[in-house]
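Chemist: First the structure, which I've put down as structure tokens, then a few questions once you've had a look.
The values are calculated or read from the model by the stated rules, or taken from the named source; none is laboratory data. Just so it is clear, the structure is predicted and the values come from calculations on it, not from any experiment. Here the Cβ is made from the backbone with ideal geometry for all residues, glycine too, and neighbour counts use every protein chain on show. The protein model used for the area step is the full one, side chains on, heavy atoms only, and it has no ligands, DNA or RNA in it. Shrake-Rupley method; radii C 1.70, N 1.55, O 1.52, S 1.80 Å.
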Amino acid sequence: MTRTVAFVITAVLIAACAPTPPERKVIDDAAAALGGAARIQAVKTLTIEGTGTAPNAGQNRMPNDELPIWQVSEYTRTIDLANARTRVRQRREAKFLFAGALTQQLTQGLDGDIAYNTAPDGTMTRAADSVARDRRLELLQHPITIVRAALDSGAKLANVRADVNDDLVDVTTAKGDVLTLGVDRTTHLPSRVRYMSDNANMGDVAMVTTFEDYQDVSGLKLPRRITTMMDKYLQFGVQVSKNIVDGTVGDLAVPANVKAAAPPAPAPMVVTVEPVAKGIWWLAGSGNHRSIVFEFDDHLVLFEVPLNESRSKAVIDKARTLSTKPLTTAIVSHHHFDHSGGLRVAVAEALTIVTHRDNEAFFKDLLARPHTIVPDALQKNPKPATFQFVDDELTLKDKSMEVQLYHLLDNPREGTNLFAYVPRERLLVQADLYDAGWNQHPWGENVLANVERRKLRVDRDVPVHGVIEPYAQMVKTIKEKGPGAGTK
Ligand SMILES: [Zn+2]
Ligand SMILES: [Zn+2]
């Protein structure tokens with residue numbers, strides 16, 4: 001035996017005898033508890049069928065109320081592990097007052113790095129690369145997929161630590177995604193997976209999926225309860241009725257034409273300007289969230305900074321082109337996420353925020369949250385916020401303009417909503433009270449009652465959603481389409 005060979009053999013023996021690193025042991029134990037590494041690696045497909053609950057974060061009546069929920073009556077996730085493909089089909093019903101379609105059918109897929117959506121008529125369209133990343137991480141929210149990813153030779157394991165009854169291990173997948181796996185110290189079954197994500201309103205959020213109620217299926221242990229939280233909110237809860245291993249899942253490959261399509265580029269943000277009356281402009285353009293600008297003696301006031309930073313910044317910039325007077329104020333109609341999405345950029349732009357007092361704690365929390373994953377304007381340029389809170393009503397008035405703000409009372413969906421009335425032009429300016437395009441108007445009668453209660457004589461509706469209309473037409477539509485199916 002040469003010295004070199006002897007050295008190599010000794011080195012191999014030392015390596016073989018070296019204790020398993022603790023993070024590796026947690027993963028090996030988890031694999032063994034689930035049915036063994038070989039069994040996990042041999043799985044070709046998984047099918048998960050069940051029902052579930054999908055709440056709408058940021059759409060509750062009051063900021064701390066229960067979230068409105070979609071009840072998922074049919075849920076099927078199919079996973080082709082060998083080819084990194086998955087498809088989720090769900091049918092869900094709105095269990096809240098809603099002006100849109102009350103039943104939705106969703107089909108969402110992922111094939112490697114390509115995400116796609118299938119419309120109810122079968123049309124498939126490619127989704128953005130950011131969606132593909134989200135779905136790749138969602139796919140790892142299952143004990144088999146995460147442990148399989150952790151067993152991959154390209155994965156890196158680190159930082160084992162104890163947390164109550166679990167051992168936690170950081171897993172960097174071969175793709176470079178970073179997640180933390182929690183494993184029950186007694187059963188060695190995966191208890192949860194956690195990763196950090198960005199939410200436009202909430203910034204850095206922890207996405208945590210827990211696994212419960214394991215059952216034996218085809219030599220594996222699989223959970224019957226899968227619950228995903230986004231920060232403090234339930235995002236999705238699935239009650240599994242059937243776990244199928246290596247069932248027939250059909251072809252989950254994305255069709256060549258969809259794969260060849262470029263990922264959708266974000267459409268350019270268009271802000272159009274339509275004069276409504278002297279010193280009043282309606283800013284529309286892209287999407288269906290509009291804003292209204294009021295010109296006072298020496299400043300401008302913006303009603304609504306909607307959706308997100310990109311929309312709101314474009315609207316703020318456009319408002320500043322309408323006059324040499326400074327834009328000083330943003331009225332945020334209510335706390336719903338699609339209407340408060342511009343709160344942080346408005347503060348970064350040094351605008352005073354006018355909103356209902358019941359939004360105070362919620363908005364201060366949104367302003368204080370870190371946005372380090374996708375740094376926004378306020379993260380890059382922190383500024384203290386200035387608020388003007390409204391209780392029942394507030395009148396903004398000088399020689400040029402008068403805008404009265406009123407709290408929408410007794411509305412079943414909108415608890416913190418402020419709407420505006422311009423007495424000179426008899427304009428109603430509102431968000432979420434009415435959109436001519438809605439399927440039904442479950443809270444329309446409440447809106448008409450609010451206008452009457454405040455003794456307003458409205459000629460025209462100038463909405464955040466929809467089109468400018470004579471008030472008589474708005475009343476007619478509400479009477480005709482009424483609560484309809486929306487009250488179910
Ligand atoms: Zn709303
Ligand atoms: Zn809305």
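Chemist: Express the accessible area of the range 340-488 per residue in Å², computed with a 1.4 Å probe while the remaining protein chains stay in the model.
Modeler: Value returned for the range 340-488: 43 Å² of accessible area per residue.
Chemist: Now for a different question. Treating the beta-carbon of each Lys and Arg as +1 and of each Asp and Glu as -1, no other charges, what is the dipole magnitude of the chain about its Cα centre, to the nearest 20 debye?
Modeler: Charge dipole, the chain, about its Cα centre: 660 debye, nearest 20.
Chemist: Once each part is reduced to its C-alpha centroid, what is the distance from the range 256-325 to the range 352-378 in angstrom?
Modeler: Result: 20 Å between the Cα centres.
Chemist: Hey, got a sec? Which GluC sites (Glu not before Pro) in the range 24-89 land in a DSSP loop and have at most 16 other Cβ atoms within 10 Å? Walk me through the numbers before you get to the answer.
Modeler: Working: sites: Glu49, Glu66, Glu74; in loops: Glu66.
For GluC sites (Glu not before Pro) across the range 24-89 that sit outside H, G, I, E and B with at most 16 neighbouring Cβ atoms in 10 Å, the list reads Glu66.
Chemist: Full extension from Ile373 to Lys479: what is 0.36 nm times the residue separation minus their Cα-Cα distance, to one decimal in nm?
Modeler: Once the chain is fully extended between Ile373 and Lys479, it gains 33.5 nm.
Chemist: Would you kindly calculate the translational diffusion coefficient of the chain, applying Stokes-Einstein with the Kirkwood radius from alpha carbon pairs, for 4 °C and a viscosity of 1.567 mPa s, and quote it in µm² s⁻¹ without decimals?
Modeler: Result for D is 51 µm²/s.
Chemist: Compute, for the range 55-147, the length of the dipole vector about the Cα centre, with Cβ point charges of +1 (Lys, Arg) and -1 (Asp, Glu) only. Units Debye, rounded to 20.
Modeler: The calculated dipole for the range 55-147 is roughly 80 debye.
Chemist: How would you rank 246-258, 79-91, highest first, on the average number of other Cβ atoms within 10 Å across their residues?
Modeler: Per-residue Cβ counts within 10 Å, averaged per peptide and sorted highest first, yield 79-91, 246-258.
Chemist: For Lys397, go through the lysines and keep the ones whose alpha-carbon is under 20 Å away, minus same-chain ones fewer than eight residues off.
Modeler: Here the lysines satisfying the reach criterion relative to Lys397 are Lys278, Lys325, Lys455.
Chemist: Continuing with the same structure: With unit charges on the beta carbon (Lys/Arg positive, Asp/Glu negative), name the residue among Thr209, Ala262, Asn199 whose Cα is farthest towards the positive pole of the charge dipole of the range 198-273.
Modeler: Among Thr209, Ala262, Asn199, the one farthest towards the positive end of the dipole of the range 198-273 is Ala262.
Chemist: Using alpha carbons only, how many degrees (0 to 90, rounded to 10) separate the axis of helix 3-17 from the longest principal axis of the chain?
Modeler: 60 degrees
Chemist: Consider a paramagnetic label point 7 Å from the Cα of Glu212 along Cα→Cβ; state which residues of the range 222-255 have an amide N under 14 Å from it.
Modeler: What the label zone holds, given the 14 Å backbone N cut-off, is 223-229, 234-240.
Chemist: Right, here's the next one. Under 14 Å between alpha carbons, and skipping anything fewer than 8 positions from Lys479 in its own chain: which aspartates and glutamates qualify?
Modeler: Within the straight-line limit of under 14 Å, Lys479 reaches these aspartates and glutamates: Asp435, Glu445.
Chemist: What is the set of long-range amide H partners of Thr416 at a cut-off below 5 Å, with H atoms built 1.01 Å from backbone N?
Modeler: His335
Chemist: If you count the DSSP beta bridges with both ends in the range 242-379, what percent of them are antiparallel, to the nearest 5? Present the calculation step by step, with values, prior to reporting the outcome.
Modeler: Numbers: 14 of 21 bridges.
Beta bridges within the range 242-379, antiparallel portion: roughly 65 percent.
Chemist: Once every DSSP H run of n ≥ 4 in the chain is given -39500 (n - 2.57) and the sum is divided by its residues, what mean residue ellipticity at 222 nm do you get, rounded to the nearest 500 deg cm²/dmol? Before the final figure, lay out the partial values.
Modeler: Details: 13 runs with 114 residues, N = 488.
Here the helix-only value at 222 nm equals -6500 deg cm²/dmol.
Chemist: Over the range 213-279, what percent of the accessible surface lies on carbon and sulfur atoms, probe 1.4 Å? All intermediate terms of the calculation are to be shown ahead of the outcome.
Modeler: On the way: 2130 of 3740 Å².
The nonpolar share, carbon plus sulfur, comes to 57 percent.
Chemist: For the peptides 288-296, 445-453, what is the packing order when you average, over each peptide's residues, the other Cβ atoms within 10 Å and list the highest mean first?
Modeler: 288-296, 445-453
Chemist: Once the other residues with Cβ under 9 Å from the Cβ of Val88 are scored (Lys, Arg +1; Asp, Glu -1), what is the net sum? Don't skip to the end; give the middle numbers.
Modeler: Working: positive: Arg77, Arg87, Arg89, Arg135; negative: Glu138.
That sum, taken over residues with Cβ under 9 Å, equals +3.
Chemist: Near the amide H of Val462, under 5 Å away, which other amide H atoms are found, from residues 5 or more places off or on another chain, if H is placed in the peptide plane?
Modeler: HN-HN under 5 Å from Val462: Leu428, Val429, Gln430.
Chemist: A further question on this structure: Once the piece of chain linking Ser400 and Lys95 is laid out straight, how much longer is it, given 0.36 nm per residue of separation minus the C-alpha distance between them?
Modeler: Going from the current span to full extension adds 105.3 nm.
Chemist: Continuing with this model, one more query. Can you bin the range 318-376 into rounded, prolate or oblate? Criterion: square roots of the alpha carbon gyration tensor eigenvalues sorted a ≥ b ≥ c, rounded for a/c under 1.5, prolate for a/b above b/c, oblate for the rest. It would help to have the intermediate numbers written out before the result.
Modeler: Values: a/c = 2.21, a/b = 1.37, b/c = 1.61.
Oblate is the answer for the range 318-376, as a/c is 1.5 or above yet b/c matches or exceeds a/b.
Chemist: Hey, another quick one. Along the charge dipole of the range 284-400, pointing to its positive end and built from +1/-1 on Cβ of Lys, Arg, Asp and Glu, which listed residue (Leu327, Phe296, Ala377) has its Cα farthest out?
Modeler: Ala377
Chemist: Here's something else I'd like to know. Out of the trypsin sites (Lys or Arg not before Pro) in the range 393-449, which ones are loop residues according to DSSP with at most 16 other C-beta atoms within 10 Å?
Modeler: Within the range 393-449, the qualifying trypsin sites (Lys or Arg not before Pro) (loop, at most 16 other Cβ atoms within 10 Å) are Lys399, Arg424, Arg426.
Chemist: Projecting each Cα onto the charge dipole of the chain (Lys/Arg +1, Asp/Glu -1 at the beta carbon, about the Cα centre), which of Pro143, Gly342, Gln59 comes out farthest on the positive side?
Modeler: In the chain, that residue is Pro143.
Chemist: May I pose another question? Rounded to the nearest 5, what is the percent of antiparallel bridges among the DSSP beta bridges in the chain?
Modeler: Details: 114 of 129 bridges.
That works out to approximately 90 percent antiparallel.
Chemist: Here's another thing I want to ask about it. Considering only protein heavy atoms and a 1.4 Å probe, what is the carbon-and-sulfur percentage of the accessible area of the range 329-472?
Modeler: Using a 1.4 Å probe with all protein chains present, the range 329-472 comes out at 50 percent carbon and sulfur.
Chemist: Same structure again: For the range 126-235, what is the accessible area per residue in Å² when the probe is 1.4 Å?
Modeler: Result: 42 Å² of accessible area for each residue.
Chemist: I'd like the FRET efficiency for Arg133 and Thr186, computed as 1/(1 + (r/R0)^6) with the beta carbon distance as r and R0 of 25 Å, rounded to 0.05.
Modeler: Given R0 = 25 Å and the Cβ-Cβ separation, E is 0.15.
Chemist: When a/c is below 1.5 the answer is rounded, else prolate if a/b is larger than b/c, else oblate, so apply that to the range 126-167 with a ≥ b ≥ c taken from the square roots of the Cα gyration tensor eigenvalues.
Modeler: prolate
Chemist: Further, regarding this structure: Could you tell me whether the range 256-403 comes out rounded, prolate or oblate from its Cα gyration tensor? Rule is a ≥ b ≥ c as square roots of the eigenvalues, rounded for a/c under 1.5, then prolate if a/b exceeds b/c, otherwise oblate. Display every interim value, and only then the final one.
Modeler: Working: a/c = 2.08, a/b = 1.34, b/c = 1.56.
Cα axes put the range 256-403 in the oblate bin.
Chemist: Charges at C-beta only: +1 for Lys and Arg, -1 for Asp and Glu. How large is the resulting dipole of the range 31-188 about its Cα centre, in Debye rounded to 20?
Modeler: It works out to roughly 320 debye.
Chemist: Then there is this: Report the net charge of residues surrounding Asp129, where surrounding means a beta-carbon distance below 11 angstrom and charges are Lys +1, Arg +1, Asp -1, Glu -1.
Modeler: With Lys, Arg at +1 and Asp, Glu at -1, the neighbours total +2.
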